[in-house]
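The values are calculated or read from the model by the stated rules, or taken from the named source; none is laboratory data. Keep in mind it's a predicted model, so treat the numbers as computed, not measured. Heads up, the Cβs are rebuilt from the backbone with ideal geometry, glycines too, and the neighbour counts pull from every protein chain shown. Each accessible area value is taken on the protein alone, full model and side chains, heavy atoms only, with ligands, DNA and RNA left out. Shrake-Rupley method; radii C 1.70, N 1.55, O 1.52, S 1.80 Å.
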Amino acid sequence: MREIEAAVVEAPGAAFRIEMLALGAPGPDQILVAIRACGICHTDLIMRDGHLPVTFPSVFGHEGAGIVAAVGTDVQSVQPGDHVLISFHSCGRCGACHDHQPGYCVEFVPRNFLGVSGPDDGRLWRGGAPIGGEIFGQSAFATHALAHARNVVKIDRDLPLEILAPLGCGVQTGAGTVLETLNVQPGESVAVLGAGAVGLSAVMAAVIAKAGRIAVLDRHQHRLALASVLGATVVTDDLATLGDGFDHIIDTTGAVDLVAASIDKLALRGTLALVGAYPGDPRLALDLSAIMSMGRKIIGVVEGGIDPQRFIPRLIDHYRAGALPLEKLIRTYPFAAIAEAVAASESGAVVKPVLIMDNRSS
Ligand SMILES: [Zn+2]
Ligand SMILES: [Zn+2]
């Protein structure tokens, strides 16, 4: 058992409060990571508010990056001292996992939202009672986290952990949707609804894919300005001026009315990818005839539809080549300033806040 600091959410809608907790030793397939950085993802705030099937009290945080401190007896992929990024968790046994599509794992919900542990797994404790951890197989708003061989990706030691932490969720979601799920081809047109971390990652990936028209919609002018810097050819806060006839439309907003209005902006055989969070019971009335006769598609995408073990190394190659200037999206905050970082995310002032954990002494 190890004493750690972690940001606990006591009940739905409560603040993140840093407390001392105890973390068990790694079980056979677990990896203890000394967390150096963790991005704040919109999903962390949705979980905090109780809109996903999470338990309370709980520790969230699912864009962890750090250094391996210990490994379980069955782990062969990493060893203490390795630098790693942590992504979402999956079972490794179902059809989707075998197809390298772990975002559609049959155990996605229990392994990522419920944080279920195996009987021999280490877990989080507070005052002798277990509390919610292992969210996304990590719970990385903490100085240490227990992850798994399947959701830990080893990276070179010269790479900046605080810049690459968001590869494990937000960046791979936007970039994977463009490069793998939609497989955007040179010259094709792409519209991105929402210029947060996922949307701007989609923009960077569309540039990598040599897309033609890249149109971005957002209500924040500073995000639209950033989209232009990253390679968007049209930026607007008004759907009416976004343009028409897109081969691909990527919704990262979760705004049902916007999704409904965007369908008419698809080209013949165009695809609308639903990437945002759609809490509650969102329903659309669809003109089925216009979808059928124009060969349009509407698809759902989880985590970009990628396998982190294969896709994160590909993203790192793009980062090294200068094609993923993630530092333009990121502002770092000390772990103790988590409230300020969350506020900056919620107001839209900062695209991707990243918390820095100073655990060098432990
Ligand atoms: Zn699976
Ligand atoms: Zn996320």
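If a spin label sat at a point 7 angstrom from the Cα of ASP264 along the line to its beta carbon, the backbone N atoms of region 282-302 nearer than 19 Å would be those of 284-298.
Neighbours of LEU226, meaning other residues whose beta-carbon lies under 13 angstrom from its beta-carbon, give a summed charge of +2 when Lys and Arg score +1 and Asp and Glu score -1.
Our coupling estimate for region 322-330, obtained by passing each phi through the Karplus curve with A = 6.51, B = -1.76, C = 1.60 and θ = phi - 60°, is x, 8, 10, x, 4, 4, 6, 9, 9 Hz, Gly and Pro reported as x.
Taking the Cα centre of region 28-181 as reference, the dipole from Cβ charges on Lys and Arg (+1) and Asp and Glu (-1) amounts to some 240 debye.
With angles folded into 0 to 90 degrees, how steeply does helix 221-230 sit against the dominant principal axis of the chain? Use alpha carbons for both and round to 10. With both axes taken from Cα atoms, the answer is about 90 degrees.
Considering only protein heavy atoms and a 1.4 Å probe, what is the carbon-and-sulfur percentage of the accessible area of the chain? The C+S portion of the solvent-accessible surface of the chain is 53 percent.
The value of relative contact order for the chain, using C-alpha pairs under 8 Å at least six residues apart, is 18 percent.
Hey, what did region 152-237 get for relative contact order, percent, Cα under 8 Å, at least 6 apart? 26 percent.
Dipole orientation for the chain: of the candidates GLY348, ALA202, ASN112, ALA202 has the Cα lying most toward the positive pole (charges on Cβ; Lys, Arg +1; Asp, Glu -1).
When the Cα positions of ILE46, MET20, LEU85 are compared along the charge dipole of the chain, LEU85 comes out farthest toward the positive end, with charges on each C-beta of Lys, Arg, Asp and Glu. Per residue, the average separation of C-alpha pairs within less than 8 Å and at least 6 apart gives region 219-340 a relative contact order of 18 percent. Once both labels are positioned 7 Å from their Cα atoms along Cα-to-Cβ, the gap between ILE299 and ARG331 label points is 3.6 nm.
Ranking LEU224, ASN183, VAL171 by Cα position along the charge dipole of region 154-296, where only Lys, Arg, Asp and Glu carry charges on their C-beta atoms, puts ASN183 farthest toward the positive end. Computed with every protein chain present, the accessible area of ASP358 is close to 120 Å² [probe 1.4 Å]. Using 0.36 nm per residue, how much length does the chain from ARG310 to VAL116 gain when fully extended, once their Cα-Cα distance is taken away? 67.3 nm is the gain from fully extending ARG310 to VAL116. By the compact-protein rule of thumb, 2.2 N^0.38 Å, the alpha-carbon radius of gyration of the chain corresponds to a ratio of 0.96.
Taking 7 Å steps out from each Cα toward its Cβ at ALA11 and HIS98 produces label points 4.6 nm apart. Extension gain for the segment ALA343 to ASP281, taken as residue separation times 0.36 nm less the Cα-Cα distance, is 19.7 nm to one decimal. Length gained on full extension, ASP49 to ASP158: 35.6 nm, using 0.36 nm per residue less the C-alpha separation. Counting only Cβ charges, +1 for Lys and Arg and -1 for Asp and Glu, the dipole size of the chain around its Cα centre is about 400 debye. The charge dipole of region 173-303, taken about its Cα centre with unit charges on the Cβ atoms of Lys, Arg (+1), Asp and Glu (-1) only, comes to about 220 debye.
Residue order by solvent-accessible surface for ASP238, ASP44 is ASP238, ASP44, largest first, with ligands and nucleic acids left out and a 1.4 Å probe. Remark: region 165-269 carries 34 Å² of accessible area per residue (probe radius 1.4 Å; ligands, DNA and RNA excluded).
For the residue pairs LYS210/LYS265; LYS265/LYS328; LYS154/LYS352; LYS154/LYS297; LYS297/LYS328; LYS210/LYS352, the C-alpha atoms sit more than 27 angstrom apart in LYS265/LYS328; LYS154/LYS297; LYS297/LYS328.
Can you tally the net charge around ASP244? Count Lys and Arg as +1, Asp and Glu as -1, for every other residue whose Cβ sits under 12 Å from the Cβ of ASP244.
0
Hey, what angle do you get for helix 308-320 against the long axis of the chain, alpha-carbon based, 0 to 90 degrees rounded to 10? Between the helix axis and the principal axis of the chain, the angle is about 70 degrees. Count Lys and Arg as plus one, Asp and Glu as minus one, and take only other residues whose Cβ is under 12 Å from that of ALA267; the net charge is then +1.
The phi torsions of region 251-259, fed into the Karplus equation with coefficients 6.51, -1.76 and 1.60 and a -60° offset, translate into couplings of 8, 10, 8, x, 8, 4, 5, 5, 4 Hz, rounded to whole numbers, with Gly and Pro shown as x.
Helix 338-347 and the longest principal axis of the C-alpha atoms of the chain enclose an angle of approximately 10°.
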